[in-house]
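Peer 1: Below: one structure in structure tokens.
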Amino acid sequence: MLKVQINSFGYKNRAILKDIAFDVAPGEHVALMGESGSGKSTLLKIIYGLLHVEEGSVFWGKKEALGPNFNLVPGEPYMKYLAQDFDLMPFISVEENIGQFLSVFERETHEERINELLELIEMMPYAKTKVKFLSGGQQQRVALARVLAQEPEVLLLDEPFGHIDNFKRSSLRRNLFLYLKKQGITVLTASHDPSDVLPFAERTLILENGTIIANENTKDLYNNPPNYYTASLFGQVNQVPMKLLKSYSEIDKSVLVYPHEFKFSDSSGLQVEVRQSFFSGGHYLNEGTAIDGTIIFFNSEKKQEEGTTIFLNVSLKTINKRLQVGQKTNS
Ligand SMILES: Nc1ncnc2c1ncn2[C@@H]1O[C@H](COP(=O)(O)OP(=O)(O)OP(=O)(O)O)[C@@H](O)[C@H]1O
């Protein structure tokens, strides 16, 4: 079990993290989400031992991960951290960069292991290429293979696909996360991208202004977000005043609704005037205005013409579910 407790941490007296406490079970994949500047990288750097915390501790089982004031070379052998800036050797080849970290006691299997990792990162054709000739995305993939070569028990990933184009990103992310699961590696991934999180992380932590405001099963968190901030990290979301939804007109509250949760109705429900319709691949994302001026985003199969009036419904099940979460978090 990875056990993290940080009472407070700041850079030059500016508080960044406070009252952080969470566990990650062995083999579990936990995501860390939060807006830019909320402290995700700082938290990963503390866990790895790059930053010193006065009040707090990080344990992996019974072993305490010590900070830079105790370790001459920061970091613990059982844990690896893939930073946003990858620390590669530019003048040697891709395979040499990966091979550097394989155990000297397993020389006979080196080639096999390098090939396995090159295949995982889809870089086989670049095995002999010097790293300095690679693009940013390719370098990020090599950096990933390098940390995996070190066979960590715990892997900390900071925006692991930030430099990688969409073309490679989907398959790489699937291959990597399935590989990590198969190897039983404990993973903590900081990411802005819900596609890194929703299909792969069993649990998600939400960081807001340096505090963890949610720590839940990822699917439950998506379906029952405790607040607008959490839901909006997963994508576009609406905060719809209940009075706009006819059957709830007495209730003076808002309810969170994702754009795909609206259904079209012929003549009743939330009345919206279409402003813009954005082609989004498999659907259109539309922006409209409700009668009180609230901006509403909703999906449709077809393009909606500007100025058209349409009526939207939200299922009672969704409304009731979201109201209950709201009550829980307000109390
Ligand atoms: N070395 C540093 N010295 C001083 N302040 C720093 C340092 N590193 C980060 N900060 C500040 O700490 C806060 C948290 O930064 P951090 O990089 O942890 O956020 P983040 O959530 O990872 O952001 P992003 O998603 O943009 O990477 C920010 O306000 C940042 O400006």
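The values are calculated or read from the model by the stated rules, or taken from the named source; none is laboratory data. Just so we're clear, the structure is a prediction, and the values are computed from it rather than from any experiment. Note that we place each Cβ from the backbone using ideal geometry, even for glycine, and neighbour counts take in every protein chain shown.
Peer 1: Tell me, yes or no, whether the range 256-266 has at least one residue that is surrounded by 14 or more Cβ atoms within 10 Å (Cβ to Cβ), in a strand (DSSP E or B), assigned by TED's automatic domain parsing to the domain that holds S300 and touching a residue at least 60 places away in the same chain (Cβ under 8 Å).
Peer 2: yes
Peer 1: I need the full set of residues from the range 299-312 which are touching a Ser or Thr at 6+ places or on another chain (Cβ under 9 Å) and closer than 21 Å to G282 by Cα, in order please. First the steps, then the outcome.
Peer 2: First, pick out the residues of the range 299-312 that are touching a Ser or Thr at 6+ places or on another chain (Cβ under 9 Å): 299-300, 302-306, 310-312.
Within the range 299-312, N299, S300, K302, K303, Q304, E305, E306, I310, L312 qualify.
Peer 1: For the range 47-67, name all the residues that are within 13 Å of the ligand (Cβ to nearest atom), at pLDDT below 95 and closer than 19 Å to N209 by Cα.
Peer 2: Answer for the range 47-67, where residues must be within 13 Å of the ligand (Cβ to nearest atom), at pLDDT below 95 and closer than 19 Å to N209 by Cα: just L51.
Peer 1: OK, next. Could you please find all residues in the range 1-40 being within 9 Å of the ligand (Cβ to nearest atom), under 15 Å from the mean Cα position of the chain (by Cα) and buried (at least 17 other Cβ atoms within 10 Å of the Cβ)? It would help to see each step written out before you state the result.
Peer 2: Taking the range 1-40 first, the residues within 9 Å of the ligand (Cβ to nearest atom) are 10-12, 14, 16-17, 32, 34-40.
Filter again for under 15 Å from the mean Cα position of the chain (by Cα), leaving 32, 34-40.
Across the range 1-40, the qualifying residues are L32, G34, S38, G39, K40.
Peer 1: Is there any pair linking a residue in the range 167-190 that is in contact (Cβ under 8 Å) with a residue 40 or more places away in the chain to one that is assigned to a helix (DSSP H, G or I), with Cβ under 6 Å and at least six apart or on different chains, and which?
Peer 2: What qualifies is N175/L120; Y179/L120; V187/L180; A190/K40; A190/L44.
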